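Everything on this sheet refers to the single structure shown next.
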Amino acid sequence: MTSRTVPTTWQLGDRTVRRIGFGTMRLPQHGEALLPEAVPRDRADALAVLRRAVELGVNHLDTAAFYFSCLLSANQLIHQALAPYPDDLVIATKVGPGRDPAGHWLPHATPGQLRGQVEENLRQLGRDHLDVVNLRVVGTGSVAERFGALAELRAAGLIRHLGLSNVHPHQLAEARAVAPVVCVQNMYGIGASPEQEELVRTCGELGIAFVPFYSIAGRGRTAGATGADGATAELGGAVRAVARAHGVSPAQVRLAWTLHRGPHVLAIPGTGDLGHLAQNVAAGALRLGPEELAALGSAAHSTG
């Protein structure tokens with residue numbers, strides 16, 4: 001793809017979103033997210049980041065009712081910062097996992113419990129419907145019954161579009177037999193597994209958005225990028241070389257690389273820092289040449 005052919009938006013169901021979005025998981029706390037002992041972020045700082053994201057053109061937010069610290073909830077921050085919501089803003093949330101008030105993880109929701117999770121997201125966000133609800137999956141078992149429960153809520157008007165998170169190809173096929181799927185949200189970045197690469201291609205062929213998470217942090221996940229992702233090896237060197245050539249950060253190169261995987265690939269990098277937010281949004285305009293893409297691919301392959 002050249003700079004003239006790389007689209008900046010994607011049709012997520014009947015909603016148009018810019019390909020660089022914003023993930024809110026890190027917003028309620030500092031450091032490693034989703035831990036009971038996580039240190040809450042300053043509320044004013046979190047609200048400022050959300051408002052600035054929208055000012056920079058972001059119109060796709062990723063959130064969940066289980067994104068919270070002891071003082072702050074991502075959904076409630078979104079509501080406080082942005083309501084009344086801009087007409088073009090698309091808020092995607094996830095259901096399946098749950099946490100008790102102390103922040104400890106609960107067993108995944110049964111089909112009968114999913115309505116309560118959907119209604120909790122509606123209440124926190126101050127909405128009468130949810131734009132996108134992703135069923136977060138654990139393991140390789142059947143998703144049909146739980147996805148069917150969400151399809152019923154979609155038919156009732158509580159949900160506009162459905163997606164999947166952390167899924168395998170056979171689960172995507174199973175869900176599509178139940179109801180339309182507009183997006184798949186999986187861990188993905190430079191050096192991803194062959195299965196994930198195949199899933200990216202499949203989603204493109206089906207017209208389904210592929211939304212990577214941890215595309216910067218990689219295997220570091222909520223703790224951030226680690227040496228295991230090539231920070232000191234061949235891949236890290238290749239990423240830094242491309243970053244120097246463009247005068248950008250390695251994180252921006254990693255984001256840009258994901259967007260070059262296809263026009264259906266979106267990005268939802270998260271941060272609580274205004275400077276990092278600006279860099280993440282700017283990565284949407286970073287164009288990597290064929291030689292750079294080849295070098296990054298070769299380094300990722302050699303890293304394994």
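The values are calculated or read from the model by the stated rules, or taken from the named source; none is laboratory data. If you're wondering where the values come from, they're calculated on a predicted model, not measured in any experiment. Note that each Cβ is placed from the backbone with ideal geometry, even for glycine, and that neighbours are counted across all protein chains shown.
So, in the range 185-223, how many residues would count as being within 22 Å of T93 (Cα to Cα), assigned to a loop (DSSP other than H, G, I, E, B) and at pLDDT below 90?
Residues flagged as within 22 Å of T93 (Cα to Cα), assigned to a loop (DSSP other than H, G, I, E, B) and at pLDDT below 90 within the range 185-223 amount to 4.
Just name the residue that is nearest to S165 (Cα to Cα) out of those in the range 38-93 that are in contact (Cβ under 8 Å) with a residue 40 or more places away in the chain and charged (D, E, K, R).
D62
State all residues of the range 268-288 that are more than 17 Å from T258 (Cβ to Cβ) and of a type in the set (G, A, S); if no residue qualifies, say none.
Across the range 268-288, the qualifying residues are G272, G275, A278.
If you go through the range 100-114 one residue at a time, do you hit one that is part of a loop (DSSP other than H, G, I, E, B), among the hydroxyl-bearing types (S, T, Y) and more than 21 Å from C183 (Cα to Cα)?
The first filter runs over the range 100-114 and keeps only residues part of a loop (DSSP other than H, G, I, E, B), leaving 100-104, 107-110.
Pick out the ones that are also among the hydroxyl-bearing types (S, T, Y) and you get 110.
Of the ones still in play, those that are also more than 21 Å from C183 (Cα to Cα) are 110.
Yes - at least one qualifying residue is present in the range 100-114.
Has the range 41-59 got any residue that is at pLDDT 95 or above, closer than 16 Å to L130 by Cα, within 16 Å of the chain's Cα centre (by Cα) and crowded, with 17+ Cβ neighbours inside 10 Å? Talk me through it step by step, then tell me what you get.
Residues of the range 41-59 at pLDDT 95 or above: 41-59.
Adding the requirement that they be closer than 16 Å to L130 by Cα leaves 59.
In the following step, the residues that additionally are within 16 Å of the chain's Cα centre (by Cα) were identified as 59.
If we keep only those that are crowded, with 17+ Cβ neighbours inside 10 Å as well, we get 59.
Checking the range 41-59: at least one residue is at pLDDT 95 or above, closer than 16 Å to L130 by Cα, within 16 Å of the chain's Cα centre (by Cα) and crowded, with 17+ Cβ neighbours inside 10 Å.
Go through the range 269-285 and count every residue that is touching a Leu at 6+ places or on another chain (Cβ under 8 Å) and either exposed (fewer than 15 other Cβ atoms within 10 Å of the Cβ) or not in a helix (DSSP H, G or I) (or both).
Residues of the range 269-285 touching a Leu at 6+ places or on another chain (Cβ under 8 Å): 269-272, 277-278, 280-281, 283-284.
Then keep just the ones that are either exposed (fewer than 15 other Cβ atoms within 10 Å of the Cβ) or not in a helix (DSSP H, G or I) (or both); that gives 269-272, 278.
Total meeting the criteria: 5.
Of the residues V143, V132, V95, V90, which is touching a Cys at 6+ places or on another chain (Cβ under 8 Å) and not basic (K, R)?
Working: V143 fails: touching a Cys at 6+ places or on another chain (Cβ under 8 Å); V95 fails: touching a Cys at 6+ places or on another chain (Cβ under 8 Å); V90 fails: touching a Cys at 6+ places or on another chain (Cβ under 8 Å).
Being touching a Cys at 6+ places or on another chain (Cβ under 8 Å) and not basic (K, R) holds for just one of V143, V132, V95, V90, which is V132.
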